[in-house]
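The values are calculated or read from the model by the stated rules, or taken from the named source; none is laboratory data. From a predicted model like this one, the values you see are computed outputs, not experimental measurements. FYI the Cβ positions are ideal-geometry reconstructions off the backbone, even for glycines, and counts take in every protein chain you see. Just so you know, the surface numbers come from the protein's heavy atoms only, side chains and all, with ligands and any DNA or RNA stripped out. Shrake-Rupley method; radii C 1.70, N 1.55, O 1.52, S 1.80 Å.
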Amino acid sequence: MAGPLLTLTTDFGTSSPFVAAMKGVVLSINPGARLLDLSHDIPPFDLLHASFFLAEALPYFPAGTIHVVVVDPEVGSGRDALYVEVAGQRLLVPDNGCWARLGAPARVLRLAEPRFWRASVSRTFHGRDVFAPAAAHLTLGVDPSELGPAAARWRALAAPEPGYFEDGATGQVVFVDHFGNLITNIRGAALPARWSSARVGGEAARRVVTYADAGPGELVALVSSSGMLEVAVTQGSAARRLSAGVGAPVRVEWGP
Amino acid sequence: MAGPLLTLTTDFGTSSPFVAAMKGVVLSINPGARLLDLSHDIPPFDLLHASFFLAEALPYFPAGTIHVVVVDPEVGSGRDALYVEVAGQRLLVPDNGCWARLGAPARVLRLAEPRFWRASVSRTFHGRDVFAPAAAHLTLGVDPSELGPAAARWRALAAPEPGYFEDGATGQVVFVDHFGNLITNIRGAALPARWSSARVGGEAARRVVTYADAGPGELVALVSSSGMLEVAVTQGSAARRLSAGVGAPVRVEWGP
Amino acid sequence: MAGPLLTLTTDFGTSSPFVAAMKGVVLSINPGARLLDLSHDIPPFDLLHASFFLAEALPYFPAGTIHVVVVDPEVGSGRDALYVEVAGQRLLVPDNGCWARLGAPARVLRLAEPRFWRASVSRTFHGRDVFAPAAAHLTLGVDPSELGPAAARWRALAAPEPGYFEDGATGQVVFVDHFGNLITNIRGAALPARWSSARVGGEAARRVVTYADAGPGELVALVSSSGMLEVAVTQGSAARRLSAGVGAPVRVEWGP
């Protein structure tokens, strides 16, 4: 095998040549690199979306997998470029906090050794010029400590906090998936066994265990495969039905 | 080589973390697995679309290729999870009939052995918890018969039937491709040599052999690369021009 | 390793089965082929877009990489199918000029040997029937000269030319990237050091070095990571803000 896997996650889309250029850079450094696309459809500049995406995807990968994650609204500014070990995974990522939901990091380094970058570094495309080449060198066995010194600090990502009360819980939609399911920041495990419904924008969603417990088109609330409260429409889109998106307030209710 | 290919086809999109999680699960079981994306852009819950997609793509793969296909509107209900051998291919798929166009199956098993699944199986994401891990075990050489017993029955997918008459044939659009070409359920080989035109929504499409036989913007009818009658606009979109989609009636005409 | 990389670039999208069929064809000829998606989101029939995409992506790949590039509005007509060596890369491509920005070719052959194609070649899908199988044979070590004779001629792609004057430069938008950044045909290296702003559709964009030199929402002009003048909105979309797309006139200005 040609070393560890190297995954790519960006907000670049694939109609533009940026992802292809990154792949070329990696393969020019390690022709046997094992590349894997995770997503290039993170909404542009959307760090909260990226944060949720990473938290729900990366823990399933083998320990030591290398992940290049570039959602980088501040490219070219003074923001640091980081190497992060967290949840057993290894990330190369702008300092933007998008990995914070994965937990406390085991190690954070600041990419500071230009010998692992492209010879000429642009001010607008560090995915190609910094992150991809540094990751490619890692797949060749470069020790992470060579990439740069320990980082003294890094950014958090402000995330809204849910509230748990005696007669209900309040939170908000933090992610809308491809089906229009509304995933919230309310943890299923934090709710009492008797919770009965969730409310978004005036409408009540009946508690079920899985989508198929209701008929097509019915509004339901359930604990999602990620353990979070989710509001959905069976075989439909809750986002469209409720005209609700990220930030929409959600209230879970239960009887006395 | 690291065992057989494992392809992925879903209606999950890639802005959501679901496909990435499935890839992680496969690679955690078989770090050398050879993953290949076929599509994550099957329209949500659209089994007819998936059915056409599979029939036009899978027969080109080497015999024994493993295909995980998850379009699963009934996830979490009592529907079975299947292993299907058909047309030389091996599918892991919810029991939804989407593989039926590939022909009569050589073998259908019911996935029933939780030791090949994730330790904890959610009620809403069997792609990650059942199908991906079972497929990963197959790439490691697990014999399919270990996955579960033979299935006694499985579902068909209701598909509209064309009609062939003395002076014409009637059918409908069953697939709209990325270019807006309208692919129908009328087989080119079932038409007489002298067929001359096809009619969709009031408009007549002139028979050609290939798109380039007409000028840009012209409405044409031809036998597609899959052998089915297709209505197209040269260098344009017939779907947009005719405001026609899946289900639109089509009539092929010929003289006496 | 299983031979050279084989990349795929098309305007087929992935909701349709065309790309999957091409992958199957390649793998049926060379089961160990190393496939890599570059893009299937080239806008339909858009050769200028493809031309820019290839020029910005292919030079980053290792020499000898094989690229199947199918944007083919004239499929089925008399247009040739080509093998092209240019910029160290090897392309299999319809004769449509989309590779011309990569420079002068070292070799151009006309694909003329049906023994490297599928046994039956459709009139509408040469990606599957001609280009994919020919490329698969190359990955197995077939010498390119076996594919067909040298081509006597091939097509150019008409591209608009910029004008450089004493007090300014004029050009146009040639590519809109995924973020809505407007990339022009004006070369940054051709501008005097003192250029100060660019004008698109009545609005002036202030010169910066990188997006982050301006506040979110500000209209800026910069030399892009590809060396071309680019008009952008920091953390926003210049295409939307200016309602501008490919072909929009651009003027760069400088003082005396």
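Per residue, the protein assembly as shown exposes 36 Å² of accessible surface when a 1.4 Å probe is rolled over the protein heavy atoms with every protein chain present. Chains B and C together bury roughly 2600 Å² of accessible area, counting both sides, with a 1.4 Å probe on protein heavy atoms only. Note on B:Asp177: accessible area is roughly 10 Å² with a 1.4 Å probe, heavy atoms of protein only. For the protein assembly as shown, the 222 nm mean residue ellipticity estimated from helices alone, with every DSSP H stretch of n ≥ 4 adding -39500 (n - 2.57) and the total spread over all residues, rounds to -4000 deg cm²/dmol. Once you reduce region A:81-134 and region B:9-51 to the center of their Cα atoms, the two points are 27 Å from each other. Residues in region C:80-88 carry Karplus couplings, in order, of 6, 10, 10, 10, 10, 9, 8, 6, x Hz; the curve used is 6.51 cos²θ - 1.76 cosθ + 1.60 with θ = phi - 60°, and Gly or Pro positions show x.
Plainly put, the tip 7 Å out from Cα toward Cβ on A:Glu113 is 4.7, 4.7 nm from that tip on each other copy, the closest given first. Once both axes come from the Cα atoms, what is the angle between helix A:18-29 and the longest principal axis of chain A, in degrees from 0 to 90, rounded to 10? The helix A:18-29 is inclined about 40 degrees to chain A. Close amide H pairs (under 5 Å, H built 1.01 Å from N) link C:Thr65 with C:Arg90, residues at least 5 positions away or on another chain. Computed from backbone phi, the HN-Hα couplings of region B:206-221 come to 6, 5, 9, 8, 8, 3, 6, 6, 10, x, x, x, 7, 7, 10, 10 Hz, rounded to whole numbers (Karplus: 6.51 cos²θ - 1.76 cosθ + 1.60, θ = phi - 60°; Gly and Pro given as x). Shortest first, C:Pro149 label-point distances to identical copies amount to 6.8, 6.8 nm, with the label point at 7 Å from Cα along Cα→Cβ. Evaluated with a Cβ-only charge set (Lys, Arg +1; Asp, Glu -1), chain C carries a dipole of roughly 220 debye about its Cα centre, given to the nearest 20. In this structure, the amide hydrogen of A:Val250, modeled 1.01 Å from its nitrogen in the peptide plane, lies closer than 5 angstrom to those of A:Gly171, A:Gln172, A:Val173, counting only residues at least 5 positions away or on a different chain.
Measuring between their Cα centroids, region B:184-256 and region C:208-236 lie 47 Å from each other.
Here B:Ser196 and C:Glu74 are evaluated by their C-beta separation; at R0 = 35 Å the FRET efficiency comes out at 0.90. Summarising the label geometry, the points placed 7 Å from Cα in the beta-carbon direction at C:Glu161 and C:Val121 lie 3.6 nm from one another.
Note: relative contact order over chain C, using C-alpha pairs below 8 Å and six or more positions apart, is 16 percent. Along region A:172-179 the Karplus relation, 6.51 cos²θ - 1.76 cosθ + 1.60 evaluated at θ = phi - 60°, assigns HN-Hα couplings of 8, 5, 10, 7, 10, 7, 4, 8 Hz to successive residues, with x for each Gly and Pro.
Which whole-number percent is the relative contact order of region A:71-193 (Cα, under 8 Å, 6+ apart)? Don't skip to the end; give the middle numbers.
On the way: 168 pairs, mean separation 25.0, N = 123.
Relative contact order here is 20 percent.
Mind pulling the angle between the C-alpha long axis of helix B:47-57 and the longest principal axis of chain B? Nearest 10 degrees, somewhere in 0 to 90. With rounding to tens, the tilt is 90 degrees.
Keeping the other protein chains in place, figure out the carbon and sulfur percent of the accessible area of region A:117-256, with a 1.4 Å probe. Before the final figure, lay out each step's value.
Values: 3200 of 6130 Å².
That fraction is 52 percent.
Each other residue within a Cβ distance under 12 Å of A:His178 adds +1 if Lys or Arg and -1 if Asp or Glu, for a net charge of -4.
Each other copy holds its own label point for C:Glu253; taking that point as 7 Å from Cα along Cα to Cβ, the gaps run 6.0, 6.0 nm, nearest first. In region B:97-255, a dipole from Cβ-located charges (positive for Lys and Arg, negative for Asp and Glu) runs towards its positive end, and of B:Ala151, B:Thr124, B:Pro216 it is B:Thr124 whose Cα lies farthest in that direction.
Under the rule a/c < 1.5 gives rounded, and otherwise a/b versus b/c splits prolate from oblate, where does region B:111-256 land using the Cα gyration tensor? Walk me through the intermediate numbers first.
Values: a/c = 3.15, a/b = 2.44, b/c = 1.29.
Here region B:111-256 falls in the prolate category.
Check each residue of region C:1-27 and keep those whose accessible area, probe 1.4 Å, is at least 50 Å² smaller with all protein chains in place than in the chain alone; give them in order of residue number. Residues passing the criterion (a loss of at least 50 Å², heavy atoms only) are C:Thr14, C:Ser15, C:Pro17, C:Phe18, C:Ala20, C:Lys23, C:Leu27. Distance to the B-onto-A rotation axis is smallest for one chain B Cβ; residue and value in angstrom are B:Asp37, 4.
Other chains' Cβ within 10 Å of B:124-131 residues: what's the mean? Could the numbers behind the result be given before it?
Details: counts 12, 4, 1, 1, 4, 1, 0, 0.
Shielding by partners across B:124-131 averages 3.
Antiparallel beta bridges, as assigned by DSSP with both residues in the protein assembly as shown, represent about 70 percent of the total such bridges. Dimensions of the protein assembly as shown based on its C-alpha atoms, expressed as ranges along the principal axes with the largest first, amount to 80, 78, 50 Å.
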